[in-house]
Amino acid sequence: MLLSSPAIPPSGAIPARYTSEGANLSPPLSWADVPDGTRSLALVVDDPDAPDPRAPRRTWVHWVVYNLPPDVSALPEAAATAGLPAGAREGLNDWESIGYGGPAPPIGRHRYFHKLYALDIELPRGGVLDKAEVERAMKGHILAQAELIGTYQKGGK
(Lines give C-alpha, C1' and ligand atoms only; values in the text may rest on other atoms or scores of the structure.)
Protein backbone atom coordinates (compact mmCIF):
# COMPACT_ATOMS: atom_id res chain seq x y z
CA MET A 1 0.00 0.00 0.00
CA LEU A 2 1.06 3.57 -0.59
CA LEU A 3 -0.05 6.57 1.49
CA SER A 4 0.55 10.12 0.24
CA SER A 5 -0.61 13.70 0.53
CA PRO A 6 -0.49 16.56 -1.99
CA ALA A 7 0.20 18.83 1.01
CA ILE A 8 2.96 16.86 2.75
CA PRO A 9 6.00 15.60 0.86
CA PRO A 10 7.50 12.38 2.27
CA SER A 11 9.62 13.36 5.29
CA GLY A 12 8.91 17.00 4.43
CA ALA A 13 7.45 19.89 6.36
CA ILE A 14 3.76 19.97 7.20
CA PRO A 15 2.23 23.30 6.14
CA ALA A 16 1.11 25.48 9.06
CA ARG A 17 -2.47 25.28 7.74
CA TYR A 18 -2.70 21.75 9.19
CA THR A 19 -1.33 22.71 12.62
CA SER A 20 -2.37 24.50 15.79
CA GLU A 21 -0.68 27.64 14.44
CA GLY A 22 -2.86 27.57 11.34
CA ALA A 23 -6.41 26.46 10.57
CA ASN A 24 -5.88 23.13 12.39
CA LEU A 25 -7.42 21.19 9.49
CA SER A 26 -6.72 17.55 8.81
CA PRO A 27 -4.53 17.28 5.69
CA PRO A 28 -5.69 15.68 2.46
CA LEU A 29 -4.55 12.06 2.23
CA SER A 30 -4.81 9.46 -0.50
CA TRP A 31 -3.80 5.83 -0.80
CA ALA A 32 -3.45 3.09 -3.37
CA ASP A 33 -2.91 -0.65 -3.68
CA VAL A 34 -5.31 -1.73 -0.93
CA PRO A 35 -5.06 -5.54 -0.87
CA ASP A 36 -7.89 -7.88 -1.79
CA GLY A 37 -9.78 -9.09 1.24
CA THR A 38 -9.66 -5.72 3.00
CA ARG A 39 -12.85 -5.12 4.99
CA SER A 40 -11.85 -1.80 6.55
CA LEU A 41 -9.02 0.71 6.88
CA ALA A 42 -7.71 2.43 10.00
CA LEU A 43 -5.64 5.61 10.21
CA VAL A 44 -3.52 6.74 13.16
CA VAL A 45 -1.60 10.02 13.24
CA ASP A 46 0.87 10.38 16.09
CA ASP A 47 4.05 12.13 17.24
CA PRO A 48 6.73 9.94 18.88
CA ASP A 49 8.86 12.99 19.75
CA ALA A 50 6.75 14.48 22.56
CA PRO A 51 7.48 16.66 24.32
CA ASP A 52 11.06 17.26 23.10
CA PRO A 53 12.69 15.38 20.19
CA ARG A 54 16.00 15.39 22.09
CA ALA A 55 14.34 13.69 25.08
CA PRO A 56 11.05 12.10 23.98
CA ARG A 57 8.89 10.75 26.77
CA ARG A 58 5.78 9.59 24.97
CA THR A 59 3.97 9.25 21.68
CA TRP A 60 1.22 11.88 21.35
CA VAL A 61 -1.87 10.78 19.40
CA HIS A 62 -3.31 13.43 17.05
CA TRP A 63 -5.99 11.51 15.16
CA VAL A 64 -7.60 8.08 15.07
CA VAL A 65 -9.98 7.04 12.28
CA TYR A 66 -11.25 3.51 11.82
CA ASN A 67 -13.75 1.51 9.78
CA LEU A 68 -12.96 3.48 6.65
CA PRO A 69 -14.58 1.58 3.76
CA PRO A 70 -12.05 -0.31 1.63
CA ASP A 71 -13.34 1.26 -1.60
CA VAL A 72 -12.49 4.77 -0.35
CA SER A 73 -9.07 5.91 -1.56
CA ALA A 74 -8.74 9.38 -0.07
CA LEU A 75 -9.73 11.81 2.63
CA PRO A 76 -10.09 15.46 1.61
CA GLU A 77 -8.67 18.37 3.52
CA ALA A 78 -10.67 18.99 6.70
CA ALA A 79 -12.23 15.51 6.56
CA ALA A 80 -12.26 15.55 10.33
CA THR A 81 -14.74 18.43 10.32
CA ALA A 82 -16.34 18.10 6.86
CA GLY A 83 -17.45 14.56 7.46
CA LEU A 84 -15.90 11.14 6.97
CA PRO A 85 -17.11 8.47 4.54
CA ALA A 86 -20.21 6.52 5.61
CA GLY A 87 -19.39 3.98 8.30
CA ALA A 88 -16.07 5.53 9.30
CA ARG A 89 -15.55 6.51 12.93
CA GLU A 90 -13.17 8.87 14.68
CA GLY A 91 -11.48 7.81 17.87
CA LEU A 92 -10.16 9.61 20.89
CA ASN A 93 -6.94 11.63 20.58
CA ASP A 94 -4.58 12.53 23.42
CA TRP A 95 -6.41 15.79 24.07
CA GLU A 96 -9.21 13.41 25.13
CA SER A 97 -11.42 14.64 22.34
CA ILE A 98 -12.79 13.07 19.18
CA GLY A 99 -11.31 14.25 15.90
CA TYR A 100 -8.15 15.75 14.49
CA GLY A 101 -5.73 17.84 16.51
CA GLY A 102 -2.92 19.33 14.46
CA PRO A 103 0.76 19.49 15.34
CA ALA A 104 1.56 21.73 18.29
CA PRO A 105 5.10 20.84 19.34
CA PRO A 106 6.23 22.66 22.48
CA ILE A 107 9.90 22.55 21.45
CA GLY A 108 11.93 21.51 18.41
CA ARG A 109 11.01 19.84 15.11
CA HIS A 110 8.76 16.83 15.61
CA ARG A 111 7.92 13.94 13.29
CA TYR A 112 4.28 13.13 12.60
CA PHE A 113 3.53 9.59 11.48
CA HIS A 114 0.40 9.06 9.37
CA LYS A 115 -0.16 5.29 9.47
CA LEU A 116 -2.79 3.53 7.36
CA TYR A 117 -3.74 -0.10 7.98
CA ALA A 118 -5.72 -2.47 5.73
CA LEU A 119 -7.67 -4.89 7.92
CA ASP A 120 -9.52 -8.12 7.25
CA ILE A 121 -12.21 -7.09 9.78
CA GLU A 122 -14.28 -4.09 10.78
CA LEU A 123 -13.48 -2.77 14.24
CA PRO A 124 -16.07 -2.62 17.05
CA ARG A 125 -18.72 0.05 16.57
CA GLY A 126 -19.79 0.47 20.19
CA GLY A 127 -18.27 3.41 22.02
CA VAL A 128 -15.32 5.53 20.93
CA LEU A 129 -11.96 3.77 20.63
CA ASP A 130 -8.58 5.29 21.40
CA LYS A 131 -5.31 4.33 19.70
CA ALA A 132 -4.51 1.53 22.16
CA GLU A 133 -7.96 -0.02 21.71
CA VAL A 134 -7.69 0.23 17.91
CA GLU A 135 -4.25 -1.41 17.99
CA ARG A 136 -5.51 -4.25 20.21
CA ALA A 137 -8.51 -4.84 17.93
CA MET A 138 -6.30 -4.82 14.81
CA LYS A 139 -3.83 -7.37 16.18
CA GLY A 140 -3.68 -10.37 13.88
CA HIS A 141 -5.90 -8.65 11.28
CA ILE A 142 -3.48 -6.34 9.43
CA LEU A 143 -3.19 -7.25 5.74
CA ALA A 144 -0.95 -4.30 4.81
CA GLN A 145 0.15 -0.94 6.10
CA ALA A 146 1.56 2.30 4.74
CA GLU A 147 3.16 5.32 6.34
CA LEU A 148 3.71 8.98 5.56
CA ILE A 149 5.96 11.03 7.81
CA GLY A 150 5.84 14.81 7.94
CA THR A 151 7.66 17.21 10.24
CA TYR A 152 6.73 20.43 11.96
CA GLN A 153 8.32 23.02 14.22
CA LYS A 154 6.44 26.01 15.59
CA GLY A 155 7.31 29.21 13.81
CA GLY A 156 8.79 27.25 10.89
CA LYS A 157 12.28 27.30 12.43
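The values are calculated or read from the model by the stated rules, or taken from the named source; none is laboratory data. Just so it is clear, the structure is predicted and the values come from calculations on it, not from any experiment. FYI the Cβ positions are ideal-geometry reconstructions off the backbone, even for glycines, and counts take in every protein chain you see.
State whether one or more residues within the stretch 110-118 are touching a Lys or Arg at 6+ places or on another chain (Cβ under 8 Å) and in a strand (DSSP E or B). No - not one qualifying residue is present in the stretch 110-118. Going by the structure shown, is Ile14 surrounded by 15 or more Cβ atoms within 10 Å (Cβ to Cβ), of a type in the set (Val, Ile, Thr) and touching a Ser or Thr at 6+ places or on another chain (Cβ under 7 Å)? For Ile14, the condition - surrounded by 15 or more Cβ atoms within 10 Å (Cβ to Cβ), of a type in the set (Val, Ile, Thr) and touching a Ser or Thr at 6+ places or on another chain (Cβ under 7 Å) - is met. Every condition in (1) at negative phi; (2) surrounded by fewer than 21 Cβ atoms within 10 Å (Cβ to Cβ); (3) modelled with pLDDT of 95 or more is met by Gly108 except one, and the failing one is (1). Looking across the stretch 84-97, just one residue is exposed (fewer than 15 other Cβ atoms within 10 Å of the Cβ) and in contact with a strand residue (DSSP E or B) (Cβ under 6 Å, 6 or more places away or on another chain), and that is Gly87.
Suppose the filter is closer than 23 Å to Gly12 by Cβ, among the β-branched types (Val, Ile, Thr) and either in contact with a helix residue (DSSP H, G or I) (Cβ under 9 Å, 6 or more places away or on another chain) or part of a loop (DSSP other than H, G, I, E, B) (or both); does Ile149 pass it? Judged against the criteria, Ile149 is not a match. The residues listed here are Val61, Val65; of these, the one that is part of a strand (DSSP E or B) and over 18 Å from Trp31 (Cβ atoms) is Val61. Figure legend. Inter-residue proximity from the stretch 53-75: first residues closer than 16 Å to Val134 by Cβ, second residues surrounded by fewer than 16 Cβ atoms within 10 Å (Cβ to Cβ) and among the basic types (Lys, Arg), beta-carbon distance below 8 Å, spacing 6+ or different chains. Indicated pairs: Asn67/Arg125. Arg111: of a type outside the set (A, V, I, L, M) and more than 15 Å from the chain's Cα centre (by Cα), yes or no? In short, no. Residues in the stretch 90-127 that are free of Cβ contacts under 8 Å to residues at least 60 places away in the same chain, over 18 Å from Pro27 (Cβ atoms) and touching a helix residue (DSSP H, G or I) at 6+ places or on another chain (Cβ under 7 Å): Pro124 only. Here Leu41 meets the list (1) of a type outside the set (Ser, Thr, Tyr); (2) under 16 Å from the mean Cα position of the chain (by Cα); (3) assigned to a loop (DSSP other than H, G, I, E, B) almost entirely, failing just condition (3). Out of the residues in the stretch 45-58 that are assigned to a strand (DSSP E or B) and aliphatic (A, V, I, L, M), state the one that is surrounded by the fewest Cβ atoms within 10 Å (Cβ to Cβ). Per the stated criteria, the residue is Ala50.
The single condition among (1) of a type outside the set (Asp, Glu); (2) free of Cβ contacts under 8 Å to residues at least 40 places away in the same chain; (3) assigned to a strand (DSSP E or B) that Ser30 does not meet is (2).
What number of residues within the stretch 68-79 are out of contact with any helix residue (DSSP H, G or I) (no Cβ under 8 Å at 6 or more places or on another chain), surrounded by fewer than 22 Cβ atoms within 10 Å (Cβ to Cβ) and not acidic (Asp, Glu)? Final tally of qualifying residues: 6.
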